[in-house]
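The values are calculated or read from the model by the stated rules, or taken from the named source; none is laboratory data. Computed from a predicted structure; not experimentally measured. Backbone-built Cβ (ideal geometry, glycine too); neighbour counts: all protein chains shown.
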Amino acid sequence: MRQQQGKFILCDVPEFASWLDTSSFSRVIQLVQCHHTFVPSYENFHQTNHFDLLGAMERAHLERGFSEIAQNLTTFPDGTVAVCRSIDTVPAGIKGANRNGICVENVGNFDGLDSMTPQHRDCIIKVFALLCKRFNLSPDSNSCVYHHWYDLNTGVRTNGTGTTKTCPGTVFFSGNTVAAAEANFIPLIKQQLAAFAAASRGQTPAQQAQVLYTAEVGVDTLNVRAQPTTSAMVSKQLSRGVDVSVYEDRDGWSAIDPSKASWVDNHFLIRSSGTAKVAAQYAARVTASALNVRSLPSLSGIVRNTLSMGTSLYVYQEQNGWSRIDSADSLWVNSSYLARTDSVPA
């Protein structure tokens, strides 16, 4: 039944499982957020208007100043699930828990108005179990979180005290408290994970790749390529602030997927462990026949080196007509003699 309308992909749970297994994701995921829509509720769902509801939600989110629909995934009363905002894009779900989270919206008003259908209940449990499986999360109240547990103003987790929403609903799996989740929702996710594991017994799991370090995308748009070269096909793009895991470094490029060919120019990454580096702003080439590299962003700076025409480099900072071309050292060139080599970074 898989259907697609624009970026929205609607599928049943087995199709969603296949989509998860065959898709490549770059963002570091540490938790899954649980929400309910409140509006639209069950009375607004008419079995065939999935895309209409998704479009209406996106328009409402745009009116609130969001760049697109807030949630990564949406589940429906008939047991289907829609892929909405890219998994590699940080959601606008829970203040304080978005950076490494996936936002799942469940259509319905579970503050006592709607009684969850069996199909919806099964879908929600399986979607959370599949996400835990795909991103190697152990289901607990730290990896599967409710909106109600976070203060709306500070983004601090308060477990329901302070200024909070009731989301995902006061009767969502018998309540929206941490205790209710630990008693009535998380055990079901664990059971479903065990069922998935039992179904796949006999298969030899692929050896888990070793993460060298994690890093943050430090440029507005970063291309992910199929090979470690600027001539390779661009498979997708990551936005500034997205966290990625690095599995291999090779000649200025980093592999950010353990099994699929996904490479980024690591000059545009900021390491979050190990030796910190400033990310480059863009790549450029020298247009002058000879360009002095100075110790300061000024003609009074000492000449450290001279670059020839056509030399490729990265710009890490701009200041008063000068460009710093080293991630750590004070090495500057006159910006007038540089030409950007890519409107979108490598």
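Residues of segment 209-242 that are in a loop (DSSP other than H, G, I, E, B) and either under 20 Å from ILE102 (Cα atoms) or touching a helix residue (DSSP H, G or I) at 6+ places or on another chain (Cβ under 7 Å) (or both): GLY218, VAL219, ARG240, GLY241, VAL242.
Name the single residue, out of those in segment 46-62 being over 30 Å from VAL217 (Cα atoms) and among the hydrophobic types (A, V, I, L, M, F, W, C), that is surrounded by the most Cβ atoms within 10 Å (Cβ to Cβ).
Here is the first cut: in segment 46-62, the residues over 30 Å from VAL217 (Cα atoms) are 46-53, 56.
Next cut, among the hydrophobic types (A, V, I, L, M, F, W, C) only: 51, 53, 56.
Values: PHE51: 15, LEU53: 18, ALA56: 14.
Applying the filter and picking the extreme gives LEU53.
Residues in segment 243-269 that are within 16 Å of the chain's Cα centre (by Cα), touching a residue at least 40 places away in the same chain (Cβ under 8 Å) and part of a strand (DSSP E or B): how many? Adding up the residues that qualify gives 5.
Could you grab me the full set of residues in segment 11-45 that are buried (at least 21 other Cβ atoms within 10 Å of the Cβ) and within 16 Å of LYS126 (Cβ to Cβ)? Within segment 11-45, PHE16, VAL32, CYS34 meet the criteria. Within segment 10-26, not a single residue is under 17 Å from SER143 (Cα atoms), at pLDDT 95 or above and not hydrophobic (A, V, I, L, M, F, W, C). Within segment 135-166, if we keep just the residues that are in contact (Cβ under 8 Å) with a residue 24 or more places away in the chain and touching an Asp or Glu at 6+ places or on another chain (Cβ under 7 Å), the residue that is farthest from LYS95 (Cα to Cα) turns out to be SER141. Taken over segment 29-87, the residue count meeting the criterion of being in a helix (DSSP H, G or I), more than 20 Å from CYS167 (Cα to Cα) and either among the β-branched types (Val, Ile, Thr) or out of contact with any strand residue (DSSP E or B) (no Cβ under 9 Å at 6 or more places or on another chain) (or both) is 4.
Look through ASP243, ASP329 and report the one residue that is acidic (Asp, Glu) and surrounded by fewer than 18 Cβ atoms within 10 Å (Cβ to Cβ).
Working: ASP243 fails: surrounded by fewer than 18 Cβ atoms within 10 Å (Cβ to Cβ).
It is ASP329.
Test GLY169 against the stated conditions and say whether it is more than 27 Å from PHE16 (Cα to Cα), small (Gly, Ala, Ser) and either in contact with a Pro (Cβ under 6 Å, 6 or more places away or on another chain) or touching a residue at least 24 places away in the same chain (Cβ under 8 Å) (or both). It would help to see each step written out before you state the result.
Details: more than 27 Å from PHE16 (Cα to Cα): no; small (Gly, Ala, Ser): yes; either in contact with a Pro (Cβ under 6 Å, 6 or more places away or on another chain) or touching a residue at least 24 places away in the same chain (Cβ under 8 Å) (or both): yes.
No; evaluated as a whole, the condition is false for this residue.
Selection of first residues in segment 180-199 that are closer than 13 Å to ASP122 by Cα and of second residues that are assigned to a helix (DSSP H, G or I) and of a type in the set (S, T, N, Q), restricted to Cβ pairs under 9 Å at least 6 apart or on distinct chains, gives the following pairs, ordered by first then second residue: PHE185/SER174.
Here ARG121 clears all of (1) at pLDDT 95 or above; (2) under 21 Å from the mean Cα position of the chain (by Cα) except the condition numbered (2).
Restricted to segment 165-188, and to residues there that are closer than 26 Å to ASP243 by Cβ and of a type outside the set (Gly, Ala, Ser), the residue that is surrounded by the most Cβ atoms within 10 Å (Cβ to Cβ) is PRO168. Candidates PHE110, PHE128: the one that is in the same structural domain as ASP12 (by TED's automatic domain parsing), buried (at least 22 other Cβ atoms within 10 Å of the Cβ) and assigned to a loop (DSSP other than H, G, I, E, B) is PHE110. Among the residues here, ASP257 qualifies as out of contact with any strand residue (DSSP E or B) (no Cβ under 7 Å at 6 or more places or on another chain), surrounded by 15 or more Cβ atoms within 10 Å (Cβ to Cβ) and of a type in the set (Asp, Glu). Can you find even one residue in segment 153-161 that is surrounded by 15 or more Cβ atoms within 10 Å (Cβ to Cβ), modelled with pLDDT of 95 or more and aliphatic (A, V, I, L, M)? Looking for residues that are surrounded by 15 or more Cβ atoms within 10 Å (Cβ to Cβ), modelled with pLDDT of 95 or more and aliphatic (A, V, I, L, M), one finds none in segment 153-161, hence no. In segment 228-242, the residue that is nearest to TYR213 (Cα to Cα) out of those that are of a type in the set (A, V, I, L, M) and in contact (Cβ under 8 Å) with a residue 12 or more places away in the chain is VAL242.
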